[in-house]
Every structure is written in structure tokens, then in C-alpha cells.
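Report on one structure; see the data block that follows.
The values are calculated or read from the model by the stated rules, or taken from the named source; none is laboratory data. Keep in mind the model is a prediction, meaning the values are calculated, not measured. No Cβ is skipped: glycine too gets one built from the backbone with ideal geometry, and neighbour counts run over all protein chains shown.
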Amino acid sequence: MTTRIGEAPASGSLEVASEVGDGGAERTRAERRRARIRATIADAALRLFMSRGYDATTVEDVAAAVDLSPRTVFRYFPFKEDMLREAVHFELTELIAALRERPAHEHPADALGRAMVHMWSNLEKDPEEVRTLLRLISELPRMRGLLVEASRSGQNVLAEALAFRLGRPATDLSTQVATGCALAALNIVMEAWATMPAGTDLAPLITSAMAALKAGPLSPGC
């Protein structure tokens, strides 16, 4: 069934709404609405990429799937790559949020691994859809570049979340190196898992990868 989220207002109307009344409430409602529309478009695009292939999917296809005009979709995502970038960024944001919820006494590697497992266990997407998406990314060089770009953009935020566990500033070179190693390990695990037989459990692979880092770069004071 087609998801109807409504045509976006004419250019500028969302911005005008944010300036009237009390200001704050209207602005917050407009921002939430834009975020919902953006997430709906990105989710529909991902499903089409996985079912039809990235190159075979057009912006018009995505627009039809969410009952919007292509012009409105372009306003939110000027390029198809932006839709995939949105999904990768969201997953990293979810991981960081889960990490911040872990007990302060946990070892950094354990906390990161358990945050990843927790996020994975609560993921709404079907695991096979995620595997298909990962294979799609691995088969398209420019998509792999997006994954690297998303990891880099989230590295500083993840470094801040790990800093207090490591006992050193987020800007410290060793913290940045440790964070980079952690992200690289998670990317390697996800790529390897995508090529394994259907039904392979991801959680033990994550735990194993974090154990490999525990005595090294993710060791406090190392």
C-alpha cells in the first residue's frame, strides 16, 4: 500500500509557519514534520534500491512510492546518494545513543559491542533486508564511499561518547585512533556478515570483533 504523507507545502510556507505565533512551538512542529517526511522518503528509497537495484530506481519511482511529486522529493534529497547517506547516518546515530545508555563502569569495548548488539536486536528492519543493503553498498564503489563518509562524519561524536570511558579527551589523537579502529572493526564485521549464509547471527561476530580491540586501542589508558 502506498504511504501517503501529504504534499509538502509550497516553497517557503514551512519557513513562514516557523515565524508566526509563539515561534518555538510552530518551528518545532515544522521541523518534526520535515523530519518525518525525510525519513519516509529515505525508507521508501532504500526498499526500492533493494528490490529493483540502485541504478534502476529513479527519483520518480521514489516519489510515486510515497505519493509526493518528484519536485518535492528533490527538495529533501537533491541526489539519490543522499537518500542512502541518510540511512547510514541514522544507524550510526542510533548506535551512539545506545552507547550512551550503557553503564559507566563497562569497559569501552564491551560497552560499544553491547550497544551495537542492543541496537541490532531492536532494529525494525528485517535482517535479510539489511544484508541486501550491505551487499548493494559493497557492489557500488560510490556507495562504499558514502559509507566511509558517514563513518567519518560520526567519528567525532562517537569519540565524545567513548572519551570518558577511555579516560582521555575526545580530541586526543589516541582517542581518535581508537574510535577509528572501532568503526573500522564494525564495518568489517557487517561486510563479512552480509556474505555469510542466511540466518547467521550477527551478535557473536560483533562480540568477537570488540574482544579483539579490548586489549588494544579500546583499552583505557592505553
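What about residue 65, is it without any contact (Cβ under 8 Å) to a residue 60 or more places away in the chain and either of a type outside the set (Asp, Glu) or touching a Ser or Thr at 6+ places or on another chain (Cβ under 6 Å) (or both)? The answer is no for residue 65. Considering every residue within the range 83-101, establish whether at least one is modelled with pLDDT of 85 or more, closer than 30 Å to residue 166 by Cβ, in the same structural domain as residue 145 (by TED's automatic domain parsing) and of a type in the set (Gly, Ala, Ser). Yes: the range 83-101 contains one or more residues that are modelled with pLDDT of 85 or more, closer than 30 Å to residue 166 by Cβ, in the same structural domain as residue 145 (by TED's automatic domain parsing) and of a type in the set (Gly, Ala, Ser). The set of residues in the range 168-208 that are part of a loop (DSSP other than H, G, I, E, B), among the hydrophobic types (A, V, I, L, M, F, W, C) and either surrounded by 14 or more Cβ atoms within 10 Å (Cβ to Cβ) or at positive phi (or both) comprises 170, 202. No other residue among 106, 91 is assigned to a helix (DSSP H, G or I) and among the acidic types (Asp, Glu) apart from 91.
Applying a threshold of 7 Å to beta carbon distances and a minimum spacing of six or more residues, or different chains, the list of pairs starting in the range 26-55 at a residue that is in contact (Cβ under 8 Å) with a residue 60 or more places away in the chain and ending at one that is surrounded by fewer than 18 Cβ atoms within 10 Å (Cβ to Cβ) and among the hydrophobic types (A, V, I, L, M, F, W, C) reads 49/136; 50/136; 54/136; 54/140. Looking across the range 67-81, the residues that are surrounded by 16 or more Cβ atoms within 10 Å (Cβ to Cβ) and closer than 18 Å to residue 137 by Cβ come down to 77, 80, 81.
If you filter the range 26-55 down to residues that are among the β-branched types (Val, Ile, Thr) and closer than 16 Å to residue 69 by Cα, you find that the one that is surrounded by the most Cβ atoms within 10 Å (Cβ to Cβ) is 41.
Taking the range 27-66 as the range and being among the aliphatic types (A, V, I, L, M), closer than 26 Å to residue 139 by Cα and not in a helix (DSSP H, G or I) as the test, only 56 passes.
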